[in-house]
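In what follows, a structure is listed as structure tokens, so that the remarks can point back to it.
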Amino acid sequence: MKLLAIFAAASLIVSPAIAGKACRDAKGKFMKCPPAAAGLAAAGVTKDPKGKCHFSSGPKKGQFTKCP
């Protein structure tokens with residue numbers, strides 16, 4: 001749980017810096033930014049075919065957790 005709390009705190013600190021950047025296409029024109037994949041990927045959580053979420057790396061690798 002501590003690891004998850006650390007990732008959540010870090011995402012709150014980093015997200016304004018990322019949100020300030022404008023998204024552009026290959027030609028340099030402004031476009032709507034795609035949604036950030038912060039949920040499962042940022043926390044190192046993967047969802048298995050049965051629909052259960054578990055940590056994909058770190059000291060808790062393989063342990064089940066709540067899906068975000």
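Cβ-Cβ distance below 8 Å, separation of 6 or more or different chains: which pairs start in the range 55-68 with a residue that is touching a residue at least 24 places away in the same chain (Cβ under 8 Å) and end on one that is among the aromatic types (F, W, Y)?
So the pair list comes out as T65/F55.
If a residue has to be part of a loop (DSSP other than H, G, I, E, B), surrounded by 11 or more Cβ atoms within 10 Å (Cβ to Cβ) and at pLDDT 85 or above to count, how many in the range 34-53 make the cut?
Number of matching residues: 1.
Give just the number: which of (1) surrounded by 11 or more Cβ atoms within 10 Å (Cβ to Cβ); (2) modelled with pLDDT of 65 or more; (3) out of contact with any helix residue (DSSP H, G or I) (no Cβ under 9 Å at 6 or more places or on another chain) does K21 not satisfy?
(1)
The values are calculated or read from the model by the stated rules, or taken from the named source; none is laboratory data. These numbers were taken from a predicted model, which means no experiment stands behind them. Ideal geometry is used to build each Cβ from the backbone, glycine not excepted, and the neighbour counts take in all protein chains shown.
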